[in-house]
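The values are calculated or read from the model by the stated rules, or taken from the named source; none is laboratory data. Keep in mind that this is a model prediction, so the values were computed, not measured. Positions of Cβ are backbone-derived with ideal geometry, glycine not excepted, and every protein chain shown enters the neighbour counts.
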Number of protein chains: 2
Amino acid sequence: MATINDNYLKLKAGYLFPEIARRVNSFIEANSDAKIIKLGIGDVTEPLPEACRTAMIKAVEEMGDRNTFKGYGPEQGYAWLREKIAQEDFQARGCDIDASEIFISDGSKCDTGNILDIFGKDNIIAVTDPVYPVYVDTNVMAGHTGSVNERGEFDGLVYLPITAENNFTAEIPSQKVDLIYLCFPNNPTGATATKDYLKTWVDYAKANGAIIFFDAAYEAFITDSSLPHSIYEIDGARDCAIEFRSFSKNAGFTGTRCALTVVPKTLTAKASDGSDVEIWKLWNRRQSTKFNGVSYGVQRGAEAVYSTEGKAQVRALIDFYMENATIICEQLKAAGLSVYGGVNAPYVWVKTPHGLSSWDFFDKLLQTCNVVGTPGSGFGAAGEGYFRISAFNSRENVNEAMKRITEKFKV
Amino acid sequence: MATINDNYLKLKAGYLFPEIARRVNSFIEANSDAKIIKLGIGDVTEPLPEACRTAMIKAVEEMGDRNTFKGYGPEQGYAWLREKIAQEDFQARGCDIDASEIFISDGSKCDTGNILDIFGKDNIIAVTDPVYPVYVDTNVMAGHTGSVNERGEFDGLVYLPITAENNFTAEIPSQKVDLIYLCFPNNPTGATATKDYLKTWVDYAKANGAIIFFDAAYEAFITDSSLPHSIYEIDGARDCAIEFRSFSKNAGFTGTRCALTVVPKTLTAKASDGSDVEIWKLWNRRQSTKFNGVSYGVQRGAEAVYSTEGKAQVRALIDFYMENATIICEQLKAAGLSVYGGVNAPYVWVKTPHGLSSWDFFDKLLQTCNVVGTPGSGFGAAGEGYFRISAFNSRENVNEAMKRITEKFKV
């Protein structure tokens, strides 16, 4: 008699974004003429950079000639892409990361979930609260938690609250933890981390044999030159951190799909016999067994991000979204709302007005302004009373959404 | 102290194909002028069909206009692709499969590995021997096995031998098993399954509450009209089978990456409290949490496989490779070798001559003929003494490889 993985039954009804989509679709069905503006899911809206498109079309054309046709590529990704990344994203910032330590994948969502495959069941896991829901849900699926309480917290996870009180930067936990998820610039709060702050985590991890999962999906939005883009800018991080990056938000690859994970060869963890095992070897074995690499043309598109034209086009995209973020912050502040983030990050984190719950504010915003955001409580119990607004949309839509919100919610 | 998943330490040194690559690279380094012909890994060699390329280029162009730009797609895949598949691959053959039961992914290797995420740890797993190594390795990684013996067999797995004696079709096991991997047309042996044969498995699965993982990656190579292309051609399979398919081998997508998995909504398995849980819901939850869908352009390329031009171009590709298979079979038989498969399947399964072991034959073939095949023992203990030759190459290379082999190995 085949049995299921019972841990799935512990999960809450739906992953946050499908639940939002359900409510939005249901509203649209009942209000077919409503002009919905989506500032919810962090999905980009502007065209793919021309440099990427040109490279992708050339790649498809190569597929038409048996002399340049590409079959299975290296599971880890093509060396020409990994070398560009190592050089431009890491070595240029003084990070000692080699191309062989980079694994190309089709998404950070996959990687941050799949990375758990290679770790033991007995690790104590720490997440911030609020947090990107995939970190929590994939730990639940893997059986790393107990059941969930009415606040949405799972037994067995260590939650590190991030709120206005601690400037949305988690404090080092008093208990020992083994695997720690950190995301900077932060999703959902838009908070950033200084080098000094990250150093406290690297020091903690090294002192405790812990490993940091560092999600840098939004690093391209950093404009403050004092802020680190990579955890490997911190001395010692090679021995205690895995970094996740994506082309989704910088080059607009959410529908094109390309990301990368950095696993330094110096990173180890313990086997049950007490020996040290290289994490790189395990991840390489996992990826070469369960993954077949990213589409050739997509990798060529990602490579073009590092060309002269590509860099300028990506910079223009980022600047555009960050101008949106500035408009959102200014407009909401002018309307008397408390606003966080939106600087060095494409997310604006808003305190819901009038003491509304996050989902009540979601429904109200949808119904009265036809604007979709993301309820803070969907990211964790400590996100209750907050709301995430994304800067990913056209200028026209951002202006119109702000006009509607400020009119209706003026405090 | 972070710990690893110790199950990884049970794995044999390398996944089969990386090990082959290692030996080939080492040979090339020592013999830089050798003209290697690869008939090893099942990788296609001929250009991507024009219909697919045209669709993919159009898709990239759409990405350049914000009105047609595509961000995140549905995790399950676009409905227009799933509907074509449901209609052309299933309903047209009398299979009661709906588009909502199809999940688009970037590869069958991923899906056949990841599917274990949603099943319990206590299932008894059956695999054929020889078998596609990913089935075994992913079960080892998931902790479903004990350690490995010197024949390469893992404690806790039920191995069903497939040899010339049983016509390479596994017998129904005498013990109860819960999850069964079947692959037809078979990789590596090239064997096929009749409807009557598959019906014995469906009946067994239904009687025992077992689930069949049916890998149909090579169905396009079936030319005998009496043979089933899908397990859903068998009555009752909707209640006991998941089917995996791929665009890799029919349309040459090994470097482009697109596949699909069918999970009927009527399929259930037991939770630990004895209740029946819909597998579709679990897989949908897994995919929407840990996957972000396949690249938009790649899905458009896959859709083009079902256009009039696409169908004709794919047919021509298949015919070409099958003519290769026929040449391989005829030449090796003429040289006195015992040959199986190669009809309705792109793999030829050869008994190694002179009692050579599979790896000895591999090394000999590499060194004396500069031809790369795949050692049968790499697919399992019962594959020892066999060798897989793939029909995926140019006509010129296939002819040249056969000339070299027949000259050197004439028995």
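Observations on the model:
- The number of residues in segment A:96-109 being crowded, with 22+ Cβ neighbours inside 10 Å and outside any loop (DSSP other than H, G, I, E, B) comes to 7.
- Residue under evaluation B:D33, criteria (1) under 27 Å from the mean Cα position of the chain (by Cα); (2) surrounded by fewer than 19 Cβ atoms within 10 Å (Cβ to Cβ); (3) over 18 Å from B:G310 (Cβ atoms), criterion not met: (1)
- Residue match in segment A:344-353 (condition: away from every other protein chain (no Cβ under 14 Å), crowded, with 17+ Cβ neighbours inside 10 Å, assigned to a helix (DSSP H, G or I) and touching a strand residue (DSSP E or B) at 6+ places or on another chain (Cβ under 9 Å)): no
- In the set (1) touching a residue at least 40 places away in the same chain (Cβ under 8 Å); (2) out of contact with any strand residue (DSSP E or B) (no Cβ under 8 Å at 6 or more places or on another chain), A:V262 fails one condition alone, (2).
- Residue identified as out of contact with any strand residue (DSSP E or B) (no Cβ under 8 Å at 6 or more places or on another chain) and touching a residue at least 12 places away in the same chain (Cβ under 8 Å) among A:I212, A:I222: A:I222
- Applying a threshold of 6 Å to beta carbon distances and a minimum spacing of six or more residues, or different chains, the list of pairs starting in segment B:279-297 at a residue that is more than 8 Å from chain A (Cβ to nearest Cβ) and ending at one that is of a type in the set (D, E, K, R) and crowded, with 22+ Cβ neighbours inside 10 Å reads B:Q287/B:E75.
- Test set (1) touching a Phe, Trp or Tyr at 6+ places or on another chain (Cβ under 6 Å); (2) more than 22 Å from B:K290 (Cβ to Cβ); (3) surrounded by fewer than 23 Cβ atoms within 10 Å (Cβ to Cβ) - A:S288 fails condition number: (2)
- Residue in segment A:187-197 that is touching an Asp or Glu at 6+ places or on another chain (Cβ under 8 Å), under 20 Å from B:G71 (Cα atoms) and more than 8 Å from every other protein chain (Cβ to nearest Cβ) present: yes
- Note on segment B:24-43: residues that are touching a Gly at 6+ places or on another chain (Cβ under 7 Å) and within 10 Å of chain A (Cβ to nearest Cβ) amount to 1.
- Qualifying residue in segment A:9-23 (condition: of a type in the set (K, R), surrounded by fewer than 21 Cβ atoms within 10 Å (Cβ to Cβ) and either touching a Ser or Thr at 6+ places or on another chain (Cβ under 8 Å) or at the interface with chain B (Cβ under 10 Å from one of its Cβ atoms) (or both)): yes
- Residue in segment B:89-112 that is facing another protein chain (nearest Cβ under 10 Å), within 22 Å of B:K270 (Cα to Cα) and under 18 Å from the mean Cα position of the chain (by Cα) present: yes
- In this structure, B:R257 qualifies as more than 13 Å from the chain's Cα centre (by Cα), closer than 16 Å to B:T112 by Cβ, assigned to a loop (DSSP other than H, G, I, E, B) and facing chain A (nearest Cβ under 9 Å).
- Unmet criterion (only one of (1) under 24 Å from the mean Cα position of the chain (by Cα); (2) outside the structural domain of A:K290 (by TED's automatic domain parsing)) for A:K84: (2)
- Test: residue in segment B:14-24 that is modelled with pLDDT of 95 or more and in a loop (DSSP other than H, G, I, E, B): no
- Among the conditions (1) part of a helix (DSSP H, G or I); (2) under 17 Å from B:N370 (Cα atoms); (3) basic (K, R), B:K35 misses just one, which is (1).
- Filter result for B:E330 (over 21 Å from B:I36 (Cα atoms), assigned to a helix (DSSP H, G or I) and out of contact with any Phe, Trp or Tyr (no Cβ under 6 Å at 6 or more places or on another chain)): yes
- Segment A:44-88 - residue that is facing chain B (nearest Cβ under 9 Å) and among the basic types (K, R) and, of those, surrounded by the most Cβ atoms within 10 Å (Cβ to Cβ): A:R53
- Odd one out for A:A126, checked against (1) surrounded by 22 or more Cβ atoms within 10 Å (Cβ to Cβ); (2) out of contact with any Leu (no Cβ under 7 Å at 6 or more places or on another chain): (2)
- Against the list (1) surrounded by fewer than 23 Cβ atoms within 10 Å (Cβ to Cβ); (2) more than 21 Å from A:F392 (Cα to Cα); (3) more than 14 Å from every other protein chain (Cβ to nearest Cβ), the condition A:M322 fails is (2).
- Restricted to segment A:263-278, and to residues there that are more than 8 Å from every other protein chain (Cβ to nearest Cβ) and crowded, with 19+ Cβ neighbours inside 10 Å, the residue that is farthest from the chain's Cα centre (by Cα) is A:T268.
Condition check ((1) buried (at least 17 other Cβ atoms within 10 Å of the Cβ); (2) out of contact with any Lys or Arg (no Cβ under 7 Å at 6 or more places or on another chain); (3) in a strand (DSSP E or B)) across all residues:
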| position | (1), (2), (3) |
| --- | --- |
| B:T138 | yes, no, no |
| B:H144 | yes, no, no |
| B:E165 | no, yes, no |
| B:F168 | yes, yes, no |
| B:T192 | yes, yes, no |
| B:V202 | yes, yes, no |
| B:D224 | no, yes, no |
| B:R238 | yes, yes, no |
| B:E243 | yes, yes, yes |
